[in-house]
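Below you'll find the structure, written out as structure tokens, and then a few comments.
We did not get these values from a lab; they are worked out from the coordinates using the rules stated. This structure is a prediction, so every number in the text was calculated from the model and none was measured. Positions of Cβ are backbone-derived with ideal geometry, glycine not excepted, and every protein chain shown enters the neighbour counts.
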Amino acid sequence: MDDKLKEWMEKMKQGSSQADLSKDEDLSIALMNLISLEEHSYFTAMKTGNAKYLDMMGSIRELRKTLLKRIVKDPKGEEWCISKHLLAASMRLIEVGTKEQSHGNKKDATFMFSSAFHLYSLFFAINLKLVDAEELKSEAPLQSTKGSLSRFSEIIKKIVDCCRE
């Protein structure tokens with residue numbers, strides 16, 4: 001376990017016996033869906049020629065920005081955009097995995113689901129300040145799912161519990 005993680009875990013122990021990220025986890029899923037709604041509004045506007053969908057997209061975007069501020073606090077550098085794109089990519093990989101699964105492609109589905117969770121975990125690792133976005137500029141931590149992405153996933157599995165009330 002690296003020093004940043006040990007330090008964060010110690011802070012959590014002092015504040016409470018368990019980190020309660022259930023609210024942020026639920027909010028992150030809502031944000032994924034808002035990003036998806038923005039995309040669908042855009043494509044529907046382009047397909048139908050109806051500009052009202054672009055207005056709707058703008059309203060959805062404003063809500064998404066407001067809600068994203070609840071998780072992405074005091075972003076450094078590109079952390080805001082990185083966070084948004086990590087959620088968007090995770091959501092799309094989940095959707096692709098679901099489609100692969102429905103076609104009986106279990107191996108491809110598993111890969112998509114695992115990749116989605118790694119990206120989702122990285123979103124929380126950045127926003128819990130377990131990793132600095134600047135550290136990610138090097139390609140080394142991202143070269144293998146056995147590396148940092150997998151490590152972040154294992155951490156998130158331990159500290160995020162959506163079923164906690």
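For this structure, a couple of remarks:
- Listed pairs 52/84; 23/129; 47/84; 23/52; 23/106; 52/99 exceeding 28 Å between Cα atoms: 23/52; 23/106; 52/99
- The gain in end-to-end length when the residue 114 to residue 26 segment is fully stretched comes to 29.8 nm, 0.36 nm per residue minus the alpha carbon separation.
- Farthest toward positive dipole pole in region 55-123 [+1 Lys/Arg, -1 Asp/Glu at C-beta], among 102, 72, 59: 72
- Whole-Hz ³J(HN,Hα) from phi, Karplus 6.51 cos²θ - 1.76 cosθ + 1.60, for region 28-37, glycine and proline x: 5, 5, 4, 5, 4, 5, 5, 4, 4, 5
- Backbone geometry of region 97-104 corresponds, through the Karplus equation with coefficients 6.51, -1.76 and 1.60 at θ = phi - 60°, to 3J(HN,Hα) couplings of x, 5, 5, 4, 4, 5, 8, x Hz, x marking Gly and Pro.
- Placing R0 at 25 angstrom, the Cβ-Cβ distance between residue 33 and residue 73 gives a FRET efficiency of 0.75 after rounding to 0.05.
- Computed 3J(HN,Hα) for region 109-120, one whole-Hz value per residue from the Karplus formula 6.51 cos²θ - 1.76 cosθ + 1.60 where θ = phi - 60°, is 4, 4, 4, 5, 5, 5, 5, 4, 5, 4, 5, 4, glycine and proline marked x.
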